[in-house]
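The values are calculated or read from the model by the stated rules, or taken from the named source; none is laboratory data. For clarity, every value in this text was computed on a predicted model and none was experimentally measured. All Cβ positions, glycine included, derive from the backbone under ideal geometry; neighbour counts span all protein chains shown.
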Amino acid sequence: MNTAAGVADLKLACQPGKEGNLLVFSYKVENLGTVETYVMDAVASVDGESGTSTPDPQSVVVLAGPGEDATVGKFMAPLPTDRRVARPIVPLARRLAPGEILQGQIEIPLPFAEGSPYFADLPLRRYEVVELKGVFFTIGYWAAGVDGLAASPVDDAPDFFNVVTRNTLRSARRVTQRFPTHSLQLLKRTDQFPRA
């Protein structure tokens, strides 16, 4: 194991809530470690008309599980198993130096449904409704100096970085905070949607 991974120490604090027809997760990530980290904060969204790419900080992953919980946040989505993927969708990241704090907010429209950048929404009848006992709010990150990490600023969005490592998916780490829920339902996909 690379020793740099041992000094990456992120603290996640999240305040979930509901505003109208939205589930809202206000959060902050603090770098308590001694190395820079690159915190996943958006997915590149391409405008169909102009072809320009811009960061979409509201792009999130929602998965059923583990158990009777759901996992929601900004992290590397599991790869599809029903097709070959030429290149994984890698979230854009923000650099977080030791001692720095990143604040953000995710808004998810209700009904709360599984989703990933790899999959379009299904017709309503192709979901099953499940009762949730809790939600794991999750933020992904990479630690500098691990697995040959290289980070380059995104054109026209210099606060964001493209991160590449020898194995970008496997070198990604997560910080998580669990919240118990009452009367929260999830629309669980019935297709070949990967959850692990």
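For the structure I just gave you, tell me whether S50 is out of contact with any Leu (no Cβ under 9 Å at 6 or more places or on another chain) and either in contact (Cβ under 8 Å) with a residue 24 or more places away in the chain or closer than 20 Å to S116 by Cα (or both).
In short, no.
Please pick out the residue among E131, E114 that is closer than 26 Å to R178 by Cβ and surrounded by fewer than 18 Cβ atoms within 10 Å (Cβ to Cβ).
Being closer than 26 Å to R178 by Cβ and surrounded by fewer than 18 Cβ atoms within 10 Å (Cβ to Cβ) holds for just one of E131, E114, which is E131.
Please go through segment 98-110 and give me each residue that is part of a loop (DSSP other than H, G, I, E, B) and surrounded by 13 or more Cβ atoms within 10 Å (Cβ to Cβ), ordered by number.
Of everything in segment 98-110, those that are part of a loop (DSSP other than H, G, I, E, B) and surrounded by 13 or more Cβ atoms within 10 Å (Cβ to Cβ) turn out to be P98, E100, L110.
Any residue in segment 14-31 that's at pLDDT 95 or above: show its pairings with residues that are surrounded by 10 or more Cβ atoms within 10 Å (Cβ to Cβ) and among the basic types (K, R) at Cβ separation under 7 Å, as long as the two are six or more apart or on different chains.
From residues that are at pLDDT 95 or above, the pairs are V24/K18; E30/K11.
Being in contact with a helix residue (DSSP H, G or I) (Cβ under 8 Å, 6 or more places away or on another chain) and touching a residue at least 12 places away in the same chain (Cβ under 8 Å) narrows it down to one of L79, L110, so name that one.
Matching residue, one of L79, L110: L79.
Within segment 71-88, which residues are within 11 Å of the chain's Cα centre (by Cα) and not in a strand (DSSP E or B)?
Matches in segment 71-88: F75, M76, A77, P78.
Suppose the filter is within 16 Å of the chain's Cα centre (by Cα) and among the basic types (K, R); does R94 pass it?
yes
Check segment 125-132 and report whether any residue there is in a strand (DSSP E or B), of a type in the set (S, T, Y), within 21 Å of G65 (Cβ to Cβ) and touching a Ser or Thr at 6+ places or on another chain (Cβ under 7 Å).
Checking segment 125-132: at least one residue is in a strand (DSSP E or B), of a type in the set (S, T, Y), within 21 Å of G65 (Cβ to Cβ) and touching a Ser or Thr at 6+ places or on another chain (Cβ under 7 Å).
Which of (1) part of a strand (DSSP E or B); (2) out of contact with any strand residue (DSSP E or B) (no Cβ under 8 Å at 6 or more places or on another chain); (3) of a type outside the set (V, I, T) is the odd one out, the single condition R95 does not satisfy?
(2)
Could you list, in sequence order, the residues of segment 34-70 that are modelled with pLDDT of 90 or more, among the aliphatic types (A, V, I, L, M) and under 15 Å from the mean Cα position of the chain (by Cα)?
V39, M40, A42, V43, V60, V61, V62, L63, A64, A70
Mind checking which residues of segment 168-196 are part of a strand (DSSP E or B), charged (D, E, K, R) and within 17 Å of the chain's Cα centre (by Cα)?
R173, R174, R178
So L187 clears everything in (1) farther than 26 Å from L32 by Cβ; (2) touching an Asp or Glu at 6+ places or on another chain (Cβ under 6 Å); (3) surrounded by 12 or more Cβ atoms within 10 Å (Cβ to Cβ) except one condition, right? Which one?
All conditions are met except number (2).
Output the residue which, of all residues in segment 142-167 that are outside any strand (DSSP E or B) and either surrounded by 17 or more Cβ atoms within 10 Å (Cβ to Cβ) or at positive phi (or both), is modelled with the lowest pLDDT.
Going through the qualifying residues, I end up with D156.
Filtering segment 19-32 down to residues that are touching a strand residue (DSSP E or B) at 6+ places or on another chain (Cβ under 7 Å) and farther than 18 Å from S59 by Cα, which residue is surrounded by the fewest Cβ atoms within 10 Å (Cβ to Cβ)?
L32
Would you point out the residue of segment 71-97, among those that are β-branched (V, I, T) and closer than 19 Å to F179 by Cα, that is surrounded by the most Cβ atoms within 10 Å (Cβ to Cβ)?
Of all residues in segment 71-97, those β-branched (V, I, T) come to 71-72, 81, 85, 89-90.
Adding the requirement that they be closer than 19 Å to F179 by Cα leaves 71-72.
Details: T71: 21, V72: 23.
Checking each candidate, the answer is V72.
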